[in-house]
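The values are calculated or read from the model by the stated rules, or taken from the named source; none is laboratory data. Just so you know, these numbers come straight off a predicted model, no measurement behind them. Heads up, the Cβs are rebuilt from the backbone with ideal geometry, glycines too, and the neighbour counts pull from every protein chain shown. Protein only, heavy atoms only, side chains kept; ligands, DNA and RNA dropped before computing areas. Shrake-Rupley method; radii C 1.70, N 1.55, O 1.52, S 1.80 Å.
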Amino acid sequence: MARIPIDSTKVGNKKTFTVVLDAGHGGRDSGKYIAKTAEKDIALKVVKLLGKQLESHSHIKVVYTRTTDTFLELYQRADIANNAKADLFVSVHCNAAAATSAKGNETWVLGIHRNADNLEVVQRENSVILLEEDYKEKYVGFNPNDPSSFATNLMIQEEYLDNSIDMGSKVQEKFEKDLKRKNRGVKQAGFAVLRLSYMPSVLIETGFLTNTEERTYLKSEAGQKKVANAIYDAVLEYQKNQDINLFQVAALDTSSPAIAPAGNNARYRVQISAGSNKLPAESYNFHKLPEISRDQEGGIYRYFTGNFSSLQDAINLKAQAVSKGYTSAFIVVYENGQRRRL
Ligand SMILES: [Zn+2]
């Protein structure tokens, strides 16, 4: 396939990139509250500093879920993002742990797999749901105190998972390199606020309020500025990548059909999932889909079903995967030692 050069004059000249900034908690929900430090206040300050920086770019539109100390239900935050047709949702939080030595930052993306380690964090951040009236109706079948309810609720769209992980990795990289924070990684869990928003979404735990050093840092204006700056750099880098990807796809689409079979030696698989969790590549972990395989690239694992020489077989299996809830499954082709998406 001919390589199409990227016209740099067109890159960066794209449509408006809308980012929703969500300061965690607010109002009667202070989030973590340690040594007179409320998570909701730090989150709001960081979000405002971050928003101000992003607003200086004419091609970036910033939408806030809150700019004051007000209580917002999780579904309202997601509604704001969905109504804005945002390209990216960034939720800012602070962590806490029983051990005061716990430190560093982590970024969460919506996960599809239950993981006992993650449940505690999820329950903490989702626990605001219990402060909401009629949460049972709003979050059908979603009881934040019942781990088993996650299984059914995580029948989710994964369309944005790769992008969310990409954004999460950038955030982690900036915190580690620029702020010298301990990198706790990109993690996956079933946060309601991420589950309800239909766009690439991340939830950033900027540091531990239970750790004296990190609390002091997060409370200080200088610390808040640095944290905002790190997220800002990650957003910009993510947005630039998106632009380039979109441009390449658009350029290629004009010259090649959407799905064309590859050469005779090609093998086809259906990608069903991606994330930082290493799971056994077993059918029982993936709704009994056949022939599960796993690839690793950096800290990201990709999971596939099937391995065919026939494109039609892959198309049929993709339909099956979609019917089992992997609605964003897509076909990848392996040819000459390379993997690419069809
Ligand atoms: Zn929080």
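The table for this structure:
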{"read-out": "Lone unmet requirement of (1) at pLDDT 85 or above; (2) open to solvent by less than 30 Å² (accessible area, probe 1.4 Å); (3) within 24 Å of residue 187 (Cα to Cα) for residue 326", "value": "(1)"}
{"read-out": "Single residue of the range 100-120 satisfying the filter (aliphatic (A, V, I, L, M) and at pLDDT below 90) that is least open to solvent (accessible area, probe 1.4 Å)", "value": "109"}
{"read-out": "Filter result for residue 221 (modelled with pLDDT of 95 or more and open to solvent by 80 Å² or more (accessible area, probe 1.4 Å))", "value": "yes"}
{"read-out": "Test: residue in the range 152-159 that is under 27 Å from residue 230 (Cα atoms), outside any helix (DSSP H, G or I), within 15 Å of the ligand (Cβ to nearest atom) and at pLDDT below 90", "value": "no"}
{"read-out": "Hits in the range 58-99 - residues which are surrounded by 15 or more Cβ atoms within 10 Å (Cβ to Cβ) and in a loop (DSSP other than H, G, I, E, B)", "value": "65, 66, 69, 71, 72, 73, 84, 86, 87, 96, 97"}
{"read-out": "Subset of the range 303-322 [among the polar types (S, T, N, Q) and farther than 12 Å from residue 272 by Cα]", "value": "307, 309, 310, 312, 316"}
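Residues checked against (1) at pLDDT below 80; (2) closer than 30 Å to residue 174 by Cα:
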residue: 252; (1), (2): yes, no
residue: 276; (1), (2): yes, yes
residue: 295; (1), (2): no, yes
residue: 298; (1), (2): yes, yes
residue: 342; (1), (2): yes, no
